[in-house]
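What follows is a set of notes on a single structure, which appears directly below.
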Amino acid sequence: MVHPKWEIIMTTFEYLAVLVSVIVGLGITQLLGGVARIVTHRTEYKLYWVHLLWTFNTFAGLIYWWWFQLWMDTVEEWTYPLYTFLILYSVLVYLECAIIIPSDFPKDGGFREYFFSRRGWFFAVTIGYLLVDLVDTLMKDHELVLVAYLAGFALMGIAIATKNARFHGFFAVLIAVETVVLMLSGFWIGTLAT
């Protein structure tokens, strides 16, 4: 028998968040491990600034996503569809990480070629993420900025379709600037104290 003082009560949210944490943790491990490999073996790989920016954007997006999932501790009744939704969301976050920083680095050492050869998958997964984020935003009853989602879908679609390096550079910079501005403005920080 467990002494009452030692009994740990876990909420449903805390229980369900364990698997989500593992999946997202794998994504963080993939990104940080890959960046560490690039840094420690930088002479072996031909870096591509657009790829590096998307790596930053992916990491920042993951941190943003994780922060805003805290709202789910207010969910009073968990259903299997809601849980599946959260798992799908975290799987998409992981896939973005795994695609942008592969386990096996390019054999020729060139991240430019790697980025362009995988851009379709990366941006398709990101469209999936945006679709789930749209549903998530509606569930949280936050103000919906439909124009931002439509622009995001359009830009991701163009990113899938084109190999134009200037477009990809512009798009990566646009998202990085947006990310930094939102971080500095406090938009992402918000107040989630419970």
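The values are calculated or read from the model by the stated rules, or taken from the named source; none is laboratory data. All of these numbers come straight from a predicted model, not from anything done at the bench. Here Cβ is always computed from backbone atoms with ideal geometry, including for glycine, and neighbour counts include all displayed protein chains. Please note that ligands, DNA and RNA were not included when accessible areas were found on the heavy atoms of the full protein model with its side chains. Shrake-Rupley method; radii C 1.70, N 1.55, O 1.52, S 1.80 Å.
Could you please give the count of residues in segment 117-171 that are among the polar types (S, T, N, Q) and within 28 Å of P81 (Cβ to Cβ)?
First, the residues of segment 117-171 that are among the polar types (S, T, N, Q): 117, 126, 137, 162, 164.
Cutting the leftovers down to within 28 Å of P81 (Cβ to Cβ) gives us 126, 137.
So the answer is 2.
Among the residues of segment 80-94, none qualifies, meaning not one is open to solvent by 30 Å² or more (accessible area, probe 1.4 Å), of a type outside the set (D, E, K, R), in contact with a helix residue (DSSP H, G or I) (Cβ under 9 Å, 6 or more places away or on another chain) and in a loop (DSSP other than H, G, I, E, B).
Yes or no, residue by residue, for (1) surrounded by 14 or more Cβ atoms within 10 Å (Cβ to Cβ); (2) touching a helix residue (DSSP H, G or I) at 6+ places or on another chain (Cβ under 8 Å); (3) over 19 Å from L53 (Cα atoms); (4) of a type in the set (K, R):
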position: I99; (1), (2), (3), (4): yes, yes, no, no
position: G110; (1), (2), (3), (4): yes, no, no, no
position: Y114; (1), (2), (3), (4): yes, yes, no, no
position: F122; (1), (2), (3), (4): yes, yes, no, no
position: I127; (1), (2), (3), (4): yes, yes, no, no
position: M139; (1), (2), (3), (4): no, no, yes, no
position: L146; (1), (2), (3), (4): no, no, yes, no
position: A151; (1), (2), (3), (4): no, no, yes, no
position: L155; (1), (2), (3), (4): yes, yes, no, no
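Taking (1) at pLDDT below 90; (2) loosely packed, with under 14 Cβ neighbours inside 10 Å in turn, V177 satisfies each apart from (1).
Give the residues of segment 13-32 that are among the hydroxyl-bearing types (S, T, Y) and open to solvent by 80 Å² or more (accessible area, probe 1.4 Å), sorted by residue number.
Selection gives Y15, T29.
Being touching a residue at least 40 places away in the same chain (Cβ under 8 Å) and either of a type outside the set (S, T, Y) or more than 30 Å from F171 (Cβ to Cβ) (or both) is a description that applies to A17.
Here's the yes/no breakdown for (1) open to solvent by 30 Å² or more (accessible area, probe 1.4 Å); (2) under 28 Å from R166 (Cβ atoms); (3) over 15 Å from the mean Cα position of the chain (by Cα); (4) at pLDDT below 85:
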{"position": "Y48", "(1), (2), (3), (4)": "no, yes, yes, no"}
{"position": "A60", "(1), (2), (3), (4)": "no, yes, no, no"}
{"position": "W65", "(1), (2), (3), (4)": "no, no, no, yes"}
{"position": "M72", "(1), (2), (3), (4)": "no, no, yes, yes"}
